[in-house]
Each structure stands twice: as structure tokens, then as C-alpha cells.
Amino acid sequence: MRCSGPEGRAAFMRRCYPAHVEIRELAVSEVAARLGHPGFFVFDNNGQGRWQRSHVPGAKNLNAHLFEAGDLPADKTATLVFYCSGPG
């Protein structure tokens, strides 16, 4: 499945990650403490060039507007962290 916008991503997450209960923000310190732990995945939604210049260690570059189910972990109970630098 491909997602083409915010509505597509939300629908995809509801269908593919039904164990999801809430979306919350994590502090930088929380992410840093959990990097590399099983069941914790970080996705950088910046462009490929920005990701190559600088990203959270272990973060996978993921185009937020065009991805497939196989780009995400199979573990439906995993914690997924998505970040970007914001618009512009």
C-alpha cells in the first residue's frame, strides 16, 4: 500500500498498526535513552539529502508521502518515532 498524504498515513496506521492506542511526543532524552533497543524504531521524514547530512543515529529515511507497509517494522506493538525538521 502506498500513502499519498496525511489522510492516507492515518488510514494506513489504523489498518496496519491496530495495537496503536495513542500518538504522543517523546522528549529528545527519551528517544536517546531508547535508541538501539528492541521494538524501538526511528524514522527521519526529511529529504534524502538532509538525512545524508545529519540524522538521529540509526534512523531510517522514510518519505512520509510515499512508503509501503514493508518499509515499517512487522512488529505491530513496536514504538515508531517519526521526525522531520518541519516545513520549509
Which of the residues spanning segment 71-84 are surrounded by fewer than 16 Cβ atoms within 10 Å (Cβ to Cβ) and in contact with an Asp or Glu (Cβ under 9 Å, 6 or more places away or on another chain)?
Phe82, Cys84
Only one of these conditions is not met by Asp75: (1) modelled with pLDDT of 90 or more; (2) of a type in the set (Asp, Glu); (3) touching a Lys or Arg at 6+ places or on another chain (Cβ under 7 Å). Which number is it?
(3)
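Residue under question is Gly36, and the condition is that it be at pLDDT 90 or above and either exposed (fewer than 11 other Cβ atoms within 10 Å of the Cβ) or in a helix (DSSP H, G or I) (or both); does it hold? Spell out how you get there, then give the answer.
On the way: at pLDDT 90 or above: yes; either exposed (fewer than 11 other Cβ atoms within 10 Å of the Cβ) or in a helix (DSSP H, G or I) (or both): yes.
Considered against the rule, which asks whether it is at pLDDT 90 or above and either exposed (fewer than 11 other Cβ atoms within 10 Å of the Cβ) or in a helix (DSSP H, G or I) (or both), Gly36 comes out as yes.
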What's the total number of residues in segment 71-88 that are outside any loop (DSSP other than H, G, I, E, B) and touching a residue at least 24 places away in the same chain (Cβ under 8 Å)?
5
In segment 39-70, what residues are surrounded by fewer than 14 Cβ atoms within 10 Å (Cβ to Cβ) and assigned to a helix (DSSP H, G or I)?
Gln48, Gly49, Gln52, Arg53, Ala69, Gly70
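The values are calculated or read from the model by the stated rules, or taken from the named source; none is laboratory data. Please read all numbers here as calculations on a predicted model, not as lab measurements. Cβ: placed from backbone, ideal geometry, glycine included. Neighbour counts: every protein chain shown.
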